[in-house]
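*Asks:* This is the structure, below, for whatever I ask next.
The values are calculated or read from the model by the stated rules, or taken from the named source; none is laboratory data. These numbers come from a predicted model, not from an experiment. We place every Cβ from the backbone using ideal geometry, glycine too, and count neighbours over all the protein chains shown. Just so you know, the surface numbers come from the protein's heavy atoms only, side chains and all, with ligands and any DNA or RNA stripped out. Shrake-Rupley method; radii C 1.70, N 1.55, O 1.52, S 1.80 Å.
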Amino acid sequence: MLQADVPVYTPATLAEARQLLQEPGTRPVAGGTDAMVRFKDGVWRPTAWVNLLRLRGELAYIREDGDWLEVGALTTFSELLASRVVRERAPLLAKAVRTVGGPAIRNMGTIGGNIGTASPAGDSLPALYALDAEVLVNGVTTIGIAELMLGPGRLKLQAGDLITGVRFRAQAPDEVCTFEKLGLRAAHAISLASVAVRLAPGMARVALGAVAPTVIRVPDAEAALVAGHAAAAAAAAQEAARPISDVRASAEYRRAMAGNLLLRGLMRMLGPNLVSPIGGDPR
Amino acid sequence: MELKMNVNGQPVAVEVAPTEPLLQVLRERLGLVGAKEPCGKGECGGCTVLMNGQTVNACLVMAAQAEGAEVLTVEGLAAPDGKLHPVQQAFVEAGAVQCGYCMTGMVMSAFSLLQQNPQPTEAEIKEGMEGNLCRCTGYQKVFDAVNLAAGRLR
Ligand SMILES: Cc1cc2nc3c(=O)[nH]c(=O)nc-3n(C[C@H](O)[C@H](O)[C@H](O)COP(=O)(O)OP(=O)(O)OC[C@H]3O[C@@H](n4cnc5c(N)ncnc54)[C@H](O)[C@@H]3O)c2cc1C
Ligand code: FES
Ligand code: FES
């Protein structure tokens, strides 16, 4: 039996939700797929939950705005996967989201909750870093995803702030991208290490998940890829990793995998000989 | 709080703690013990039910979040005369069930998968069932059962 009688408020508007969250000790809950686990474990003990599900009318959406895409915080992973716009114009995000949990987790889990949990292993985050995403706060201000993430479970937000969405430029039709995830099994497993990669002529993005206190971009690996050096890029990824050892994997293993996943991703994108369709010889 | 839902086609109103998991409401307050609680943490799928037409892990849904929801549990699948749903029948015939602990969740995931995708490929079946763990069967007969059900529902 759960520790009873923590109230759950269910506001009908964003304004009302923000009002309720002013009260110290309160915490939002969206899909609950992290919140309920942490609540049951006694890790998160808010004085009250503010249930966001009734704000879905306002905050569950996928919008095209010229070159930009905007996704509402309450959009579920299943909704992202079902969206042709996301699959065609943000394939990197679609690839990352496909690896999250199983169908029931994807049906409830939201992109806002993935950002809100601020885990370095959150699988949408490397994609959002590689897309140079901006997070919308309270529907009015934006903050870069990397600036928002301070550390595991820590965000640069004030009490009462809500993540309302995330926006980024659509991917160009001529670029290639991949999301590589390593878990303890092929499906329904948390990332031990992950990498999101985008490549286009003169442009490379590399973001690593689960190998540092936050997701990290690796500028040295990006420069190496632009110059066509795959091995140097993998070495730079290993160099940049700041992993921990835990029950799932050792730091050494995670560091090695950061580079190997990048190479695996390059092979998936470019073929086994790493011959780039965008020019140059990335070996 | 008083929680109002529609469960298996019946309106229900039941007094609950707002943070109580939907799974506990179903099992302990409504006596619907088909959904199981093997892990209580979203990891195993043994508590899978449909909420508003989609599978959820009932162990992770706060009661207050189910207010007004339509919930379908395994008890709601068979016909009123007790005739099994084709998905259930397929699990029986394929020999997909061993101890049975995971099976109500498996059946609900399979039911939902076939609702959304009546002719899944083998890869799509595996993806549709990836949130349901089984410690007995080795999964192959589960996949066979989903295939068999797909053929019959077509
Ligand atoms: C079995 C299982 C498997 C999982 N597998 C994966 C996986 O493979 N990859 C992965 O990345 N994650 C995984 N997760 C974690 C989880 O599903 C995701 O992090 C999901 O995105 C959380 O979203 P939610 O809506 O459920 O968030 P909630 O649990 O509702 O909230 C999570 C946190 O974010 C805060 N929050 C939620 N919405 C907002 C908002 N709009 N503004 C501000 N703060 C907010 C909450 O206060 C809370 O701190 C898994 C979880 C389980 C239980
Ligand atoms: S009991 Fe809910 S997923 Fe295991
Ligand atoms: S049949 Fe025993 S756990 Fe699946």
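*Asks:* Across peptide B:18-25, how many C-beta atoms of other chains are within 10 Å of each residue C-beta, on average?
*Replies:* 5
*Asks:* Something else: Which is farthest toward the positive dipole end of the protein assembly as shown among A:51, B:10, A:153, measuring Cα position about the Cα centre, with Cβ charges +1 (Lys, Arg) and -1 (Asp, Glu)?
*Replies:* A:153
*Asks:* For the stretch B:86-153, with every protein chain kept in place, what is the accessible area per residue (1.4 Å probe, Å²)?
*Replies:* For the stretch B:86-153, the solvent-accessible area averages 46 Å² per residue.
*Asks:* Still on this structure, I have one more. Among B:79, B:35, B:58, which one shows the highest mean-square fluctuation when chain B is modelled as a Gaussian network with alpha-carbon springs under 10 Å?
*Replies:* Of B:79, B:35, B:58, the most mobile in the Gaussian network model is B:79.
*Asks:* Give me Rg over Rh for the stretch A:61-168, both radii from the alpha carbons and Rh done the Kirkwood way, two decimal places.
*Replies:* 0.93
*Asks:* Distances over 17 Å make up what percent of all Cα-Cα pairs in the stretch A:149-267?
*Replies:* When every Cα pair of the stretch A:149-267 is considered, 59 percent fall beyond 17 Å.
*Asks:* Which far-off residues, 5 or more places away or on another chain, put their amide H under 5 Å from the one on residue A:75, with H placed in the peptide plane?
*Replies:* Here A:61, A:111, A:112 satisfy the definition.
*Asks:* Once neighbouring chains are kept in place and the probe is 1.4 Å, which whole percent of the accessible area of the stretch A:145-283 is contributed by carbon and sulfur?
*Replies:* On the stretch A:145-283, the fraction of accessible area on carbon and sulfur atoms equals 56 percent.
*Asks:* Where in the stretch A:70-87 is the amide nitrogen less than 14 Å from a point lying 7 Å along the Cα-to-Cβ axis of residue A:167?
*Replies:* Taking a point 7 Å out along Cα→Cβ of residue A:167, the residues of the stretch A:70-87 whose backbone N falls under 14 Å are A:70-73.
*Asks:* Quick one: what does P(r) look like for the stretch B:86-153 with 10 Å bins over all Cα pairs, in whole %?
*Replies:* Here the calculated profile for the stretch B:86-153 is 25, 63, 12.
*Asks:* Pick from B:123, B:110, B:94: which residue has the top mean-square fluctuation in a GNM of chain B where Cα pairs under 10 Å get a spring?
*Replies:* Among B:123, B:110, B:94, the largest GNM mean-square fluctuation belongs to B:123.
*Asks:* Quick one: which of B:4/B:36; A:95/B:83; B:4/B:141; B:41/B:83; B:41/B:141 span more than 29 angstrom between C-alpha atoms?
*Replies:* Pairs exceeding 29 Å: A:95/B:83; B:4/B:141; B:41/B:83.
*Asks:* Only four residue types carry charge here, +1 at the Cβ of Lys and Arg and -1 at the Cβ of Asp and Glu. Report the dipole size of the stretch B:86-153 about the Cα centre in Debye, rounded to the nearest 20.
*Replies:* In debye, rounded to 20, the stretch B:86-153 gives about 180.
*Asks:* So, one more: Under a point spin-label approximation (7 Å from Cα along Cα-to-Cβ), what is the residue B:116-residue A:5 distance to one decimal in nm?
*Replies:* With each label point 7 Å from Cα toward Cβ, the separation is 4.0 nm.
*Asks:* Could you give the accessible area per residue of chain A, probe 1.4 Å, as a whole number in Å²?
*Replies:* Here the per-residue accessible area is 42 Å².
*Asks:* Output the DSSP H helices from chain A with an along-axis C-alpha extent of no less than 24 Å and a mean Kyte-Doolittle hydropathy no less than 0.0.
*Replies:* Both cut-offs are met by A:251-270.
*Asks:* For n ≥ 4 DSSP H runs only, could you compute -39500 (n - 2.57) per run for the protein assembly as shown, divide by its residues and tell me the 222 nm figure to the nearest 500?
*Replies:* -9000 deg cm²/dmol
*Asks:* Compactness ratio of chain B: Cα Rg over 2.2 N^0.38 Å, N = residue count?
*Replies:* Ratio of Rg to 2.2 N^0.38 Å for chain B: 1.01.
*Asks:* Return the single residue from B:57, B:132, B:117 with maximal mean-square fluctuation; model: Gaussian network over chain B, springs between Cα atoms under 10 Å.
*Replies:* In this elastic network of chain B, the residue with the biggest mean-square fluctuation among B:57, B:132, B:117 is B:117.
*Asks:* Take residue A:19, project a point 7 Å from its Cα along the Cβ direction, then tell me which residues of the stretch A:161-175 have their backbone nitrogen under 20 Å from it.
*Replies:* Under cut-off, by backbone N: A:161-164.
*Asks:* Given +1 on the Cβ of Lys and Arg, -1 on the Cβ of Asp and Glu, and no further charges, what dipole in debye does the protein assembly as shown carry about its Cα centre, rounded to the nearest 20?
*Replies:* 660 debye
*Asks:* Quick check: net charge around residue A:187, other residues with Cβ under 9 Å of its Cβ, Lys/Arg +1 and Asp/Glu -1?
*Replies:* 0
*Asks:* Now for a separate question. What does the average come to when, for each residue of peptide A:45-52, you count the partner chain Cβ atoms lying within 10 Å of its Cβ?
*Replies:* Averaged over the peptide's residues, the number is 2.
*Asks:* Spelling out what I want: for every residue of the stretch A:28-43, take phi, set θ = phi - 60°, compute 6.51 cos²θ - 1.76 cosθ + 1.60 (Karplus), and round to whole Hz; glycine and proline get x.
*Replies:* Karplus-based 3J(HN,Hα) across the stretch A:28-43 equals x, 9, 9, x, x, 6, 9, 4, 5, 4, 5, 5, 4, 6, x, 7 Hz.
*Asks:* Can you pull the percent of the stretch B:86-153's accessible area that's carbon plus sulfur, 1.4 Å probe, other chains left in place?
*Replies:* 51 percent
*Asks:* Moving on. Using only the Cα atoms of the protein assembly as shown, each taken as one equal point scatterer with no solvent, compute I(q) by the Debye sum, divide by I(0), and report log10 of the ratio at q = 0.08, 0.09, 0.11, 0.13 Å⁻¹.
*Replies:* Treating every Cα as an identical point scatterer, log10 I(q)/I(0) equals -0.47, -0.60, -0.88, -1.18.
*Asks:* Hey, another quick one. What average count of beta carbons from other chains do you get within 10 Å of the Cβ of residues in B:35-44?
*Replies:* Neighbouring Cβ atoms belonging to other protein chains average 3 per residue here.
*Asks:* Answer with one residue from A:187, A:203, A:173: the one whose Cα lies farthest towards the positive end of the charge dipole of the stretch A:154-207, charges on Cβ with Lys, Arg +1 and Asp, Glu -1.
*Replies:* Positive-end residue among those listed: A:187.
*Asks:* Sort the following peptides by mean Cβ neighbour count (other Cβ atoms within 10 Å, averaged over residues), highest first: A:130-136, A:115-121, A:169-175.
*Replies:* Result, highest mean first: A:130-136, A:115-121, A:169-175.
*Asks:* If amide H atoms are built 1.01 Å from N in the plane of the peptide, which residues on other chains or at least 5 residues away come under 5 Å of the amide H of residue A:183?
*Replies:* Amide H to amide H, under 5 Å and 5 or more residues apart or across chains, residue A:183 pairs with A:192.
*Asks:* Give the residues of the stretch A:62-80 whose amide nitrogen is closer than 19 Å to a point set 7 Å from the Cα of residue B:124 in the direction of its Cβ.
*Replies:* Within reach of a label on residue B:124: A:78-80.
*Asks:* Something else about it: In debye, nearest 20, what is the charge dipole magnitude of the stretch A:118-196 about its Cα centre with +1 on Lys and Arg Cβ and -1 on Asp and Glu Cβ, if you could check?
*Replies:* Computed charge dipole of the stretch A:118-196: roughly 260 debye.
*Asks:* If you take the accessible area of A alone plus B alone and subtract the pair, what total do you get in square angstrom, rounded to 100, with a 1.4 Å probe?
*Replies:* Rounded to the nearest hundred, the buried surface is 2400 Å².
*Asks:* Compute the long axis of helix B:103-116 from its Cα atoms, compare it with the longest principal axis of the Cα atoms of chain B, and write down the angle in degrees, 0 to 90, nearest 10.
*Replies:* 80 degrees
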